1. Counting only residues that are within 22 Å of residue 34 (Cβ to Cβ), within 26 Å of the chain's Cα centre (by Cα) and assigned to a loop (DSSP other than H, G, I, E, B), how many does region 44-58 have?
2. All but one of (1) closer than 30 Å to residue 288 by Cβ; (2) over 14 Å from the mean Cα position of the chain (by Cα); (3) at pLDDT 90 or above; (4) exposed (fewer than 15 other Cβ atoms within 10 Å of the Cβ) hold for residue 262; which doesn't?
3. Please state which of the following conditions residue 110 fails to meet, knowing it meets all the rest: (1) touching a strand residue (DSSP E or B) at 6+ places or on another chain (Cβ under 8 Å); (2) assigned to a helix (DSSP H, G or I); (3) buried (at least 22 other Cβ atoms within 10 Å of the Cβ).
4. If you scan region 143-163, which residues turn out to be in a loop (DSSP other than H, G, I, E, B) and crowded, with 20+ Cβ neighbours inside 10 Å?
5. Of all residues in region 59-77, how many are touching a residue at least 24 places away in the same chain (Cβ under 8 Å) and part of a loop (DSSP other than H, G, I, E, B)?
6. Tally the residues that are without any contact (Cβ under 8 Å) to a residue 40 or more places away in the chain and within 22 Å of residue 228 (Cβ to Cβ), restricting the search to region 282-309.
7. Hey, residue 299 hits all of (1) at pLDDT 90 or above; (2) surrounded by fewer than 14 Cβ atoms within 10 Å (Cβ to Cβ); (3) not in a loop (DSSP other than H, G, I, E, B) but one; which does it fall short on?
8. Report, by residue number, each residue of region 207-232 that is without any contact (Cβ under 8 Å) to a residue 40 or more places away in the chain and part of a strand (DSSP E or B).
């Protein structure tokens, strides 16, 4: 699917399949095209090229109300003059469903989102998190084939956002057949909630895989840096992947082992390792890589110490939970990380 506004291409040849009963998150920086893609699926934007299929049927030419989709946006968009139960009943009522069926469906949806006791409230009498729950119930009331969520938690504070993530996960567990396309700029939300993640940049799909696979083995530099923090060290490949899938690499005088997922890397590559996989002590029972360096920065943040270490002119970041005090700058240290927690990327990825 391609979407263009005159000479401006908002989406370029996007091809993405969302399996039934799964949650797929689309993430990327502002202006990457993720909301445009969602609006095209919803029917509010017409593709310049390509087609949109839901359940195998081509819906590209159908208006939004004929696509059997539910949509939740970040502004909640509840009708301020309607009570909670009236907001949730709006979709089924507009479709002419019998009143008894509507009442039962409203009660069911409010129960699913934990808002049954608030059916008679007006939207202004609810908190932001409660309004978002009602918006989700309203979207579910029409029994949509696909639920579209456009940054639904971005207007909430951090604590309520975490709670709503848990609620959404429980909701999907209660409705295992529900298919959802979730747009967010928050990588943590995507990792916590989605079965699969699609990363967009400049209107193009850069990477798409299961959440765990993308996090552990990002296919390119952009995916590694955007989906969670990543240490990326330029290394020289000494030997290609053997039968065990590991390659030997060198950084200065220090050699290491890293997973090489069958990509043509050449002699120069990037070694990718997540900060929480790096420690001052070795992990028992795992093949360890060692790097000598000097602490350049450290700060305490609750349970974590965020530490930066200079390794031959490159910065390595790590998150430590076992330190009793903030380490001093200039301290010489040895960093440890398991070979299985390091993966190689192409330098130009």
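The values are calculated or read from the model by the stated rules, or taken from the named source; none is laboratory data. Computed from a predicted model, the values in this text were never measured in an experiment. Quick reminder, even Gly has a Cβ in these numbers, built from the backbone with ideal geometry, and neighbours come from all protein chains shown.
1. Adding up the residues that qualify gives 7.
2. (3)
3. Against the list (1) touching a strand residue (DSSP E or B) at 6+ places or on another chain (Cβ under 8 Å); (2) assigned to a helix (DSSP H, G or I); (3) buried (at least 22 other Cβ atoms within 10 Å of the Cβ), residue 110 comes up short only on (1).
4. 152, 153, listed by residue number.
5. Going through region 59-77 one residue at a time, the tally reaches 6.
6. Filtering region 282-309 down to residues without any contact (Cβ under 8 Å) to a residue 40 or more places away in the chain leaves 284-285, 294-309.
Still in the running and within 22 Å of residue 228 (Cβ to Cβ): 296-309.
Residues in region 282-309 being without any contact (Cβ under 8 Å) to a residue 40 or more places away in the chain and within 22 Å of residue 228 (Cβ to Cβ): 14 in total.
7. (1)
8. Selection gives 207, 209, 210.
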